[in-house]
1. Could you list all residues from the range 64-119 that are modelled with pLDDT under 90 and among the acidic types (Asp, Glu)?
2. Looking at TRP103, TRP83, which is the one that is among the aromatic types (Phe, Trp, Tyr) and touching a Pro at 6+ places or on another chain (Cβ under 7 Å)?
3. Filter the range 50-89 for residues that are open to solvent by less than 70 Å² (accessible area, probe 1.4 Å) and in contact with a Gly (Cβ under 7 Å, 6 or more places away or on another chain) and give the result.
4. Can you name every residue in the range 1-35 that is exposed (fewer than 12 other Cβ atoms within 10 Å of the Cβ) and among the hydroxyl-bearing types (Ser, Thr, Tyr)?
5. Of the residues in the range 60-91, how many are free of Cβ contacts under 8 Å to residues at least 40 places away in the same chain, assigned to a strand (DSSP E or B) and among the charged types (D, E, K, R)?
6. Of the conditions (1) among the aromatic types (Phe, Trp, Tyr); (2) within 16 Å of LYS80 (Cβ to Cβ); (3) open to solvent by 30 Å² or more (accessible area, probe 1.4 Å); (4) not in a loop (DSSP other than H, G, I, E, B), PHE38 satisfies every one except a single condition; which number is it?
Amino acid sequence: PDGKSITYFSNDNSIKYIPVNGGESHFITKVDSVNSQFELAWSPDGKELAYTDKGKIWKYIKVSGKTVEVKTGVTSQITKIGWSPDGNKIAFTASTGGNQELWVMENFLPKEEPNNKQK
């Protein structure tokens, strides 16, 4: 979202980013299969990365390094995704039998807290 790097699906079953000014690529998270992804999108604040893998939506939370599935309740193949400008909603398309549907979800996951809390 800040325009300083490009995020992409890598052939080694991972998501990586590379600075636009050049340099080494950096690992973000693993994905299931090289050929099962369609889309990825950073949240407007750059704290979360939503992506599709095997027809489901997953979310990488930058502060914790965790990846969690976004439970949509949709059994169709999910392809395109995008965040609302305020970061509170995700829109996505799903395909069943050649028909495309547009879905919008809000309040889909609780916000992650940093792992720096002391017990």
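The values are calculated or read from the model by the stated rules, or taken from the named source; none is laboratory data. Source: prediction; values computed, not measured. Using ideal geometry, Cβ is built from the backbone for each residue, glycine included, and neighbour counts are taken over all protein chains shown. Side chains included, ligands, DNA and RNA excluded: accessible areas come from the protein's heavy atoms. Shrake-Rupley method; radii C 1.70, N 1.55, O 1.52, S 1.80 Å.
1. Of everything in the range 64-119, those that are modelled with pLDDT under 90 and among the acidic types (Asp, Glu) turn out to be GLU101, GLU106, GLU112, GLU113.
2. Numbers: TRP103 fails: touching a Pro at 6+ places or on another chain (Cβ under 7 Å).
The conditions single out TRP83.
3. Once the filter is applied, which keeps residues that are open to solvent by less than 70 Å² (accessible area, probe 1.4 Å) and in contact with a Gly (Cβ under 7 Å, 6 or more places away or on another chain), the range 50-89 yields only ILE78.
4. Selection gives SER33 alone.
5. Selection size over the range 60-91: 2.
6. (4)
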